[in-house]
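A short worksheet on the structure shown next.
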Amino acid sequence: MPDHHMGGATRARGCARQCTVPQERRLAQGMAEAQQPELNLMADMLQERGSAPR
């Protein structure tokens with residue numbers, strides 16, 4: 001699942017950099033920012049179980 005979220009964040013950041021429509025840029029930036037707390041949570045949960053994201 002972390003890979004899925006990392007991919008989404010990467011695509012959203014790319015869109016935010018390239019979007020010319022302000023609303024789309026804001027949406028993409030918000031999506032990218034929302035992924036980080038989820039990635040952190042998943043990493044913490046994996047660490048608690050003695051594992052780590054790839």
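Things to note:
- Selection within the stretch 35-50 - more than 17 Å from the chain's Cα centre (by Cα) and either touching a residue at least 60 places away in the same chain (Cβ under 8 Å) or within 22 Å of Ala12 (Cβ to Cβ) (or both): none
- The set of residues in the stretch 1-33 that are out of contact with any helix residue (DSSP H, G or I) (no Cβ under 7 Å at 6 or more places or on another chain) and of a type in the set (A, V, I, L, M) comprises Val21, Leu27.
- Consider the chain and keep the residues that are modelled with pLDDT of 90 or more and assigned to a loop (DSSP other than H, G, I, E, B). The one that is least open to solvent (accessible area, probe 1.4 Å) is Cys19.
The values are calculated or read from the model by the stated rules, or taken from the named source; none is laboratory data. Because the structure is predicted, anything quoted here is derived from the model rather than measured. Methodologically, a virtual Cβ is constructed for each residue, glycine included, from the backbone with ideal geometry; neighbour enumeration extends over all protein chains shown. Just the protein is used for accessible areas: all its heavy atoms, side chains included, with ligands, DNA and RNA removed. Shrake-Rupley method; radii C 1.70, N 1.55, O 1.52, S 1.80 Å.
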